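The values are calculated or read from the model by the stated rules, or taken from the named source; none is laboratory data. Remember, it's a predicted structure, so these values are computed and weren't measured experimentally. Glycine gets a Cβ as well: all are built from the backbone with ideal geometry, and neighbour counts include every protein chain shown.
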Amino acid sequence: MKNTFLSVILFASSIFSIFAEEGMLIPSIIAAFESDMQAKGMKLTAEQIYSVNHSSLKDAIIHFNGGCTAELVSGQGLLLTNHHCGYSQIQSHSSLEKDYLKNGFWAKNFSEELTNPGLTATRMVRIDDVTAGVLEGILPSTPQNIKEATISANMDKLIRQAMAGTHYEAEIKPFNYGNHYYIIVKEVFKDIRLVGTPPNSIGKFGGDTDNWVWPRHTGDFSVFRIYANKENMPAAYSKDNVPYIPIHFLPISFKDRKPGDFTMVYGFPGETEQHVVSDYLKFIMDEERPVRIGMREKSLSVIDAAMRASDEVRIKYSAKQASIANAYKKWIGQVDGLRRLDAISIKLKREAEYNAMAATTDEWQQKYGGVIGQMNALVAYGKKWEFLQALHFEYLYYGAEYFKLARGIEDLVRNYQRYVEKGELNSAVEKLIKGADGFFKNYDAAVDQRIFELLTDEYRKHLETYPLQLLEVVNQQNAKDLALKIYAKSIFTDKARFVAFLQGFKASSLKKITKDPGYVYFEGIFSAYRNEIIPYFQDFDAKMNELLKTYVAGKYEMFPNAKHWADANSTLRITYGQIEGSAPADGMMYTEHTTLDGIIAKNNSGNPDFELLPKMLELHKAKDYGDYGQDGELWVCFTGSNHTTGGNSGSPVIDAEGDLMGLNFDRTWESTMSDYMFDANRCRNVVVDIRYVLWVMDKYSGAKHLVDEMVLDRN
């Protein structure tokens, strides 16, 4: 028995700690990893990485509009992020006359920098563990409804205390499914201006052909600036605002790179799901991802063809196409990578080891022995609702765009009396009218109609997998006839009809809208989705989260020496690794960096995704790399063994001394599975070298004044 117990311990240790580079670490606990990071070459201290009382790297890391990461690189609030992170802003400023997507844009001075209403840039002030305070008054016997109310009240109290007497905002997020809670105190800037962007031939070089693929040659960057009031505090846009003076900004690393160099990624990873059980992962691979991939493939077939045929449509749909295509291709690689890794078998082995460890004591067996079986059983019940949730999300939120306008009207209709009683009806109507300007500026009814036709057929086909009464709503007419009626008559497919309807909005409008074919169809589906699917999906999700909370608690208790890390949840995290190539498949070896020569070679292939403007060809021919080259080459991108995911886009990749080496912008296709399972042999993040970024600014774009703002570390 003693030998069996020892075998379990040793095997479990290998199962749970084999992945040396895995993990997204909370900055406030980085001191626990300081010695390991220094052993890998880091020259910094934990205090230099994260400090509440002193300037630290943390203060240069910015949450860009809540979905990407950016970094401060000058004493005048200059901000770098990815081209694709700033793409919607770049697109919004573009027109046929000012085609910044095709030609790029560079402000020559502060007065030429372009405003971006609604864009935010957020600095983290501090991150504190408040688990004890959030769970104060909670006992194991506390009923669930009392527990939820108590936690909510405790969180409200802690947030009020954190914000008292400051201009800061705060939120509390659960980590490890509610085993831990952290408060995030933050400073939100609201005047963010576009400073510069390379043309698509650099910022999107490779297009969908290269997306998620190595070798990569994309100059995926854009430049913004944070503005503040004269007291250096966040403020709404004003012509009197001035460039923000940061607490810390990152110097630029001009040092030569080599494989094995220490790399740290500091940013806001969006979501990982490392703890899901085997049956759930199988469902994701076999059912959920395939349906979403199929829906997006239909949309892209329409959008891509329309963008190729018309510059006007290209400008209108560039940002939308990029958003749809990004996840589409990622999911294909994700499923393929999980299959190649045989992820289900790995999950089953880990589950067996977890159960074996739980069986070593009566206490653990009682607390954790049944949780994996319960989770897998719950998947059998709940996967129907998650499938339908995913199907409707793709159809209603990423399908025909007219649904977006319909949601706004549906809310107005459903809550009409409340708006009237609160005196908010006029403001709600005006908001919808104002929003119509932006919507129809980037809308083409013919494109939307074709997407509607294709996705409606696909949607109906997949509804038959898990049939509901909802099928009766959608099967009344064929998709083509329905589309002809909606797009010819509905208020949602024509700006003049939409605005005219809203301008005269009153009680009689509630009856009038029920005769609109677009509204009737949308409301029938959306109502059924809200009533027949969402409650069951939310119930399944809540039950699974409770089981995952127990499962994760078991990992912490039964495997105390393993490298535990909380799933990404759009909060500030650190991951560290090194510049490193990979061997993702038999007979295949990826080197760790690419150069300008590779851009020219791809351009010579004739693929339209590799088109270049003449200036790039001229500079390459002249080999005019200035101070930005290394050993006669101009590095463009490199890969590292850092664990990243969505939200890390734009994250600074920082060297051993705390200098900026590049901007994280992607993973290799083989790496996209890391949202569920990290493989140290295959998973690599993709980085655009900061020296290439500055070369594009200086030599290609004539924006050396921006380079001159930065501090260049050549030692």
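General observations
- Test result for Glu169, out of contact with any Cys (no Cβ under 8 Å at 6 or more places or on another chain), crowded, with 16+ Cβ neighbours inside 10 Å, among the acidic types (Asp, Glu) and modelled with pLDDT of 95 or more: yes
- Any hit, segment 662-681, residues being among the basic types (Lys, Arg) and part of a helix (DSSP H, G or I): no
One line per residue, one yes/no per condition, for (1) at pLDDT 95 or above; (2) out of contact with any helix residue (DSSP H, G or I) (no Cβ under 6 Å at 6 or more places or on another chain):
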residue: Ser95; (1), (2): no, yes
residue: Asn103; (1), (2): yes, yes
residue: Asn116; (1), (2): yes, no
residue: Thr120; (1), (2): yes, yes
residue: Asp128; (1), (2): yes, yes
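- Cβ-Cβ contacts under 8 Å between residues 6 or more apart (or on different chains), taken from a first residue in segment 306-334 that is more than 30 Å from Ser674 (Cα to Cα) to a second residue that is in a helix (DSSP H, G or I) and among the hydroxyl-bearing types (Ser, Thr, Tyr), are listed as Ala306/Tyr317; Met307/Tyr317; Met307/Ser318.
- Residue that is farthest from the chain's Cα centre (by Cα) [pool: residues in segment 499-531 that are loosely packed, with under 13 Cβ neighbours inside 10 Å and not hydrophobic (A, V, I, L, M, F, W, C)]: Ser508
- Comparison of Ser111, Ser55 shows that the only residue that is hydroxyl-bearing (Ser, Thr, Tyr), in a helix (DSSP H, G or I) and closer than 22 Å to Glu709 by Cβ is Ser111.
- Only one entry in Leu101, Leu96, Leu79 is of a type outside the set (Val, Ile, Thr), part of a strand (DSSP E or B) and within 25 Å of Gly219 (Cβ to Cβ), namely Leu79.
- If the condition is being crowded, with 24+ Cβ neighbours inside 10 Å and in contact with a Phe, Trp or Tyr (Cβ under 6 Å, 6 or more places away or on another chain), then segment 655-665 contributes only Leu663.
- In segment 122-236, counting only strands (runs of 3 or more DSSP E) that sit wholly within it, the ones holding 1 or more residues that are without any contact (Cβ under 8 Å) to a residue 40 or more places away in the chain span 169-175.
- Cβ-Cβ contacts under 8 Å between residues 6 or more apart (or on different chains), taken from a first residue in segment 81-98 that is within 12 Å of Ser318 (Cβ to Cβ) and touching a residue at least 24 places away in the same chain (Cβ under 8 Å) to a second residue that is of a type in the set (Gly, Ala, Ser) and in a loop (DSSP other than H, G, I, E, B), are listed as His83/Gly219; His84/Ser649.
- Within segment 564-603, restricting attention to residues that are part of a strand (DSSP E or B) and of a type in the set (S, T, N, Q), the residue that is farthest from the chain's Cα centre (by Cα) is Thr595.
- Total residues in segment 78-107, condition under 28 Å from Ile247 (Cβ atoms) and over 24 Å from the mean Cα position of the chain (by Cα): 2
- Of everything listed in (1) more than 20 Å from the chain's Cα centre (by Cα); (2) more than 13 Å from Tyr676 (Cβ to Cβ), the single unmet condition for Ile346 is (2).
- Enumeration of residues in segment 392-410 that are in a helix (DSSP H, G or I), of a type in the set (A, V, I, L, M, F, W, C) and closer than 18 Å to Lys320 by Cα: Phe393, Leu396, Phe403, Leu405
- Selection within segment 532-563: residues that are touching a Phe, Trp or Tyr at 6+ places or on another chain (Cβ under 6 Å) and in a loop (DSSP other than H, G, I, E, B). The member of this set that is surrounded by the most Cβ atoms within 10 Å (Cβ to Cβ) is Phe559.
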